[in-house]
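One structure is given below, encoded as structure tokens.
The values are calculated or read from the model by the stated rules, or taken from the named source; none is laboratory data. Only a predicted model underlies this, so the values are computations on that prediction, with no experimental measurement involved. We place every Cβ from the backbone using ideal geometry, glycine too, and count neighbours over all the protein chains shown.
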Amino acid sequence: MIKAALLGAGVVGTGVLEVLETNNQAIREKMGAVIEVVYVLEQVDIPAHPYRNLFVYDYNVILEDSEVKVVVEAMGGLNPAYDYTKKALEAGKHVVTSNKELVATHGEELLEIARKNNVNYLFEASVGGGIPIIRPLHQCLSANRISEIRGILNGTTNYVLSQMVDKGQSFEDALADAQAKGYAERDTTADVEGIDAGRKIAILGSMVFGHAISPDDILMEGISKLTRNDVDLAEEWGGTIKLIGLAKELDDKSILCMVSPFVVSNHSLLAHVNDVYNAIMVTGDATGNVMFYGKGAGKLPTASAVVADVMDAVFHRDARRAINWTSADKPFLADHRCLQTRLFIRVVGTVEKQRKLIEEKFGEVEYITRNSEGKAGERGISKKTDDEFAFVTHVNMEGELMDRAKELERAGVEILSVIRVLID
Ligand code: HSE
């Protein structure tokens, strides 16, 4: 029997206990041993909790039990998870986590502590929920030089956007649904403002490009400023709006890493990733594009990745291989103004009235007007309006395009929103 301890009996923690119980037989056959959670650390009693019989309230009970070989950290947040993780690794216990905030913030240090103590620190569940992505990047694609990762990395916002587009649900109702389904973070600001996706792309970028990328150093924009009219005009153009995280190597070898809403053309596979699903596109020099797709949040998908890491840690009782990244000795992150993009710009007025000024600044552009009530009208939400329209610019550096947008505004055109367009 392999003894494990679980820190945190919330959504993910309870999912881990359920998966271990439900798939007990299959896991036993694969492992040749049973994995048994013998302690669940909680701060306070939860009387109705189904696994309350395992509750302990003092972390030292777990640390001091030499039979506990694996600690599953499903607490979330930095404190006390950071301290507990360090102590477990230093005590020679493997640690498995779904905590992207901790991995993104202290991954470099924790991986080094794990290496020194010859144990594993595994975090497959921290990115993409149930989708295998950390291990494929580290192992299956390791013969490639990876130039870019882009993807939908937050299930909550993708669910909210899908509900708004397909069902005409309001932002608030869709977010409340996502919370009820266990997709959202405790503080939904992290989902809505792109912080959760930012932590995830920082982890992927750090792994792939080898240097620690701090979420604090990258652009993280969320979906809270998007309006129904943006969504409808993007649809009229032949696309949809998605929250995209990307990390890519530029020609000068600097790394551009960011999260923001993008208008994604319907020709892209990413445009068709809906609800709680995530998709991550990895571009390798040998493989070309490889796409990973699956449920990016939720109790059981996330627990599936955690339990697989526990099995992996146990299979490789000595540290299996060193996933690591190090601090760069010189600045290596590119400014997001270097992104090659097009801009989707929504403005007040009619094409007829504004065309001259727009084309003076941007040259030829694509105009998008609400030609019909279309799908938006069917949903009964947004009505055809004659007093605003959008246009999509040519491809250029983001900084250059943003500067021209400012000039347009100074020339008297009222800009309602500016959204990047994802280009190949
Ligand atoms: N809140 C996260 C999401 C959970 O919605 O993607 C999974 O990391």
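Observations on the structure shown:
- Verdict on A286 being of a type in the set (G, A, S) and more than 16 Å from the ligand (Cβ to nearest atom): yes
- Among the numbered conditions (1) away from the ligand (no atom under 12 Å from the Cβ); (2) assigned to a helix (DSSP H, G or I); (3) of a type in the set (V, I, T), the only one that T302 does not meet is (1).
- Across region 126-157, the qualifying residues are those that are of a type in the set (S, T, Y) and more than 16 Å from the ligand (Cβ to nearest atom), and the one among them that is modelled with the highest pLDDT is S147.
- Check on I195, closer than 30 Å to A322 by Cβ and either surrounded by 24 or more Cβ atoms within 10 Å (Cβ to Cβ) or within 12 Å of the ligand (Cβ to nearest atom) (or both): yes
- Scanning region 126-171 for residues that are under 11 Å from the mean Cα position of the chain (by Cα) and among the small types (G, A, S) returns S126, G128, G129, G151, G155.
- Residue tally, condition aliphatic (A, V, I, L, M), in a loop (DSSP other than H, G, I, E, B) and surrounded by fewer than 20 Cβ atoms within 10 Å (Cβ to Cβ), over region 332-366: 2
- Just one of the listed residues (A190, A202) is over 15 Å from A297 (Cα atoms), modelled with pLDDT of 95 or more, among the aliphatic types (A, V, I, L, M) and touching a helix residue (DSSP H, G or I) at 6+ places or on another chain (Cβ under 6 Å), and it is A202.
- Pick from region 81-125, criterion assigned to a helix (DSSP H, G or I) and polar (S, T, N, Q), ranking: farthest from the ligand (Cβ to nearest atom): T85
- Flag not set for L137, criterion: closer than 30 Å to D275 by Cβ, in a loop (DSSP other than H, G, I, E, B) and hydrophobic (A, V, I, L, M, F, W, C).
- A single member of V61, V34, V19 is of a type outside the set (F, W, Y), in contact with a strand residue (DSSP E or B) (Cβ under 9 Å, 6 or more places away or on another chain) and closer than 22 Å to F315 by Cβ, and it is V34.
- Scan of region 172-213 for residues that are within 16 Å of the chain's Cα centre (by Cα) and among the acidic types (D, E), ordered by number: E185, D187, D191, E193, D196
- Close pairs from region 280-291: first touching a residue at least 12 places away in the same chain (Cβ under 8 Å), partner of a type in the set (G, A, S) and crowded, with 16+ Cβ neighbours inside 10 Å, Cβ under 8 Å, at least 6 apart: I280/G128; I280/G151; M281/G151; V290/G284; M291/A279
- When residues in region 140-160 are screened for being surrounded by fewer than 24 Cβ atoms within 10 Å (Cβ to Cβ) and in a helix (DSSP H, G or I), 1 of them pass.
- Condition check for E29 on (1) in a loop (DSSP other than H, G, I, E, B); (2) within 27 Å of K295 (Cα to Cα); (3) over 24 Å from the mean Cα position of the chain (by Cα): one failure, at (1).
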